[in-house]
Amino acid sequence: MMRPLPLRRYITWLNEHGYAPEPVLLTSGISLASLDDPQFLIATADYFQIVGKLLDLAKDDGIGLDIGMAREVSDFRIMGYAAMTCRTIRESVEDIWYHYGDALGMMSKISITMRDDESMSLLIESVNPSPRIHRFTVEETLSILLKVGTQVAGTRPKFDSIELSYADPGYGERYRELFQCPVKFGKPLCRVIINAQWLDSPLATADAELHQIYRSNLVQLKHMIDHVEATTTRLRNVLNRNLGQVPTLEQAATALGTSPRSLRRSLQQEGENFRNVVDQFRLKQALDGLQSGQHSAKQLAQLSGFDDTNAFRRAFKKWTGMTVHEAQLQQHASAPPKLGH
């Protein structure tokens, strides 16, 4: 699970290019309104599904570079502020980005593979095996290091070299112009060598007292995200075992071996509630049915656990902002509709 911080920049890209973001988000059962909830978390698989849709729409190569360069340190919320109050860039990389990046919106794993007096080597690994998503996440990570690194340090990062495991995508010169260093494609791993002098530059925004406050809250937030799946995931497993039949709170609590009150409290501690989990499940069932293109509104209602088709229609409209018929028409289209159409 992760906080959906990157999705805001993806929505900006969609809007700037004339695409309605709602259909892209709905592929994973996510609404725009849910992104305003500070407790809302998204599954990694859902995130990558959205990225896949984004890449389907993108006609320009290097969208990962574009989106990464549009990111701001404030996009990372408390992690960004914790990084800014470190003593040096090296400390912010080793203590903040390395340990907390994946839970707070960095969808590639960054590990430090070499440290010496002259440089630091950062290994960049995508957690998704798809070649195009791998390239997107690496491009996004590199450009975030450049853009956010500049904002945090006040000076441009000094990349000594970049090695990438994929072939030149056809715009390799753009990499070299953007990062101002040698870039080699077709290497065994993706890594960037960063100059130690830049890494050890003191930060003008360093503040030990504020850093301790941010760091403490960051530790608590990561702990919550790492453990958030417990009750919510178990409840979703119960729902998956009873497709077409949605249990009541009492029935779900019995299936989980707990009381309704304890179930309600556990979900609340995870930033969820029973009705929201059920609605997300029902919406996902409806969307899965829509993707087959063979289900009537009545069949979709039954898949989603509704006995009343009209009640399902009203719920679907509330969840998505679209009627079932509009969603069915959109499913047949090759791409989400442009805004204003």
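The number of residues in segment 116-127 being within 17 Å of the chain's Cα centre (by Cα) and either over 23 Å from E94 (Cα atoms) or part of a strand (DSSP E or B) (or both) comes to 3. When the helices (runs of 4 or more DSSP H) confined to segment 217-285 are screened for residues that are surrounded by 14 or more Cβ atoms within 10 Å (Cβ to Cβ), out of contact with any strand residue (DSSP E or B) (no Cβ under 9 Å at 6 or more places or on another chain) and free of Cβ contacts under 8 Å to residues at least 12 places away in the same chain, those reaching at least 2 such residues are found at 249-255. Please find, within segment 39-64, the residue that is farthest from E270 (Cα to Cα) out of those that are of a type in the set (V, I, T) and in contact with a Phe, Trp or Tyr (Cβ under 8 Å, 6 or more places away or on another chain). In this case the residue turns out to be I63.
Within the set S74, S92, the sole residue that is free of Cβ contacts under 8 Å to residues at least 12 places away in the same chain, closer than 21 Å to L210 by Cα, assigned to a helix (DSSP H, G or I) and out of contact with any His (no Cβ under 8 Å at 6 or more places or on another chain) turns out to be S74. Of the residues examined, K184 is not one that is at pLDDT below 95, surrounded by fewer than 21 Cβ atoms within 10 Å (Cβ to Cβ) and over 22 Å from L54 (Cα atoms).
Among the candidates D207, D288, single out the residue that is surrounded by 13 or more Cβ atoms within 10 Å (Cβ to Cβ), of a type in the set (D, E), out of contact with any Lys or Arg (no Cβ under 6 Å at 6 or more places or on another chain) and closer than 30 Å to R156 by Cβ. Testing whether each residue is surrounded by 13 or more Cβ atoms within 10 Å (Cβ to Cβ), of a type in the set (D, E), out of contact with any Lys or Arg (no Cβ under 6 Å at 6 or more places or on another chain) and closer than 30 Å to R156 by Cβ leaves just D207.
Here L32, L57, L25 are screened, and the one residue that is crowded, with 19+ Cβ neighbours inside 10 Å and over 20 Å from K147 (Cβ atoms) is L25. For segment 95-109, filtering for residues that are surrounded by fewer than 22 Cβ atoms within 10 Å (Cβ to Cβ) and either within 27 Å of I133 (Cβ to Cβ) or at pLDDT 90 or above (or both) leaves 7.
The values are calculated or read from the model by the stated rules, or taken from the named source; none is laboratory data. None of the values given here were measured: they were computed from a predicted structure. Please note: Cβ atoms are built from the backbone with ideal geometry, for glycine as well, and neighbour counts cover all protein chains shown.
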